[in-house]
Amino acid sequence: MPTHPDLTTDSPQPSRPAPGASAPAADRPADAPCEDAAGCRDDPVLEAMQHQVALFARRAEQTRLGGVGQGRNSMDRAAYLLLNRLDQEGPTGVKALACGMGIDSSTVTRQVAPLVDSGLVERTSHPEDGRAVVLELSARGAARLDQVRASRRALMALLTEDWDERERSTFCDLLARFNEALAAAHSPVGGS
């Protein structure tokens with residue numbers, strides 16, 4: 001059995017709390033939040049969770065969760081998320097797209113350039129203000145996005161083939177909730 005902590009599913013042993021730290025997890029009600037990082041240190045579930053998230057992030061990057069079949073590893077995360085957003089929202093300006101994705105406008109501009117060059121996204125005039133430019137998913141982009149989505153769905157099916165539908169649904173619900181919490185933690189105060 002591997003002994004390196006990144007190669008196991010065992011949680012690392014919690015360290016002793018620092019003098020004056022928050023109450024240990026066993027002394028804290030289950031629904032009480034940690035008051036500070038030191039107070040969370042001895043919570044074995046939070047320790048296991050942070051470790052599993054780190055492993056997930058590394059393994060997701062290694063496989064790029066690209067899917068199976070012809071579409072495997074053929075679209076990077078930024079391109080997928082931009083195309084997906086344009087598919088959901090329709091023609092969108094750079095600023096609105098950036099705001100909706102929680103990233104900088106300059107980042108959107110940089111990430112969308114190769115998508116325009118490859119014909120997956122088109123720049124068109126805003127329907128109400130012809131001076132403004134909006135980004136729109138092209139027919140080629142929609143077809144490519146459908147192919148990648150199908151490949152990724154096949155990968156999810158393969159990875160969870162021994163899960164029942166309830167387990168898949170619960171995992172998806174909890175992962176969505178976790179992603180929402182991450183987004184909220186990184187949003188500006190009063191922002192969305």
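The values are calculated or read from the model by the stated rules, or taken from the named source; none is laboratory data. Because the structure is predicted, anything quoted here is derived from the model rather than measured. Counting neighbours? That spans all protein chains shown, and the Cβs are built from the backbone with ideal geometry, glycine included.
What the table below lists for this structure:
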quantity: The one condition in (1) hydroxyl-bearing (Ser, Thr, Tyr); (2) exposed (fewer than 13 other Cβ atoms within 10 Å of the Cβ); (3) out of contact with any strand residue (DSSP E or B) (no Cβ under 7 Å at 6 or more places or on another chain) that Thr109 fails to fulfil; calculated: (2)
quantity: Answer residue from region 77-113, given it is outside any helix (DSSP H, G or I) and within 25 Å of Ala181 (Cβ to Cβ) and is modelled with the highest pLDDT among those; calculated: Asp104
quantity: Subset of region 118-155 (residues that are within 18 Å of Ser74 (Cβ to Cβ), of a type outside the set (Gly, Ala, Ser) and buried (at least 17 other Cβ atoms within 10 Å of the Cβ)); calculated: Leu120, Val121, Leu137, Arg144, Leu145, Val148, Arg149, Arg152, Leu155
quantity: Hits in region 114-129 - residues which are assigned to a helix (DSSP H, G or I), in contact (Cβ under 8 Å) with a residue 24 or more places away in the chain and more than 15 Å from Val148 (Cβ to Cβ); calculated: Pro114
quantity: Considering residues of region 127-142 that are over 17 Å from Arg85 (Cβ atoms) and not basic (Lys, Arg) only, the residue modelled with the highest pLDDT; calculated: Ala139
quantity: Any hit, region 42-62, residues being of a type in the set (Val, Ile, Thr) and at pLDDT below 90; calculated: no
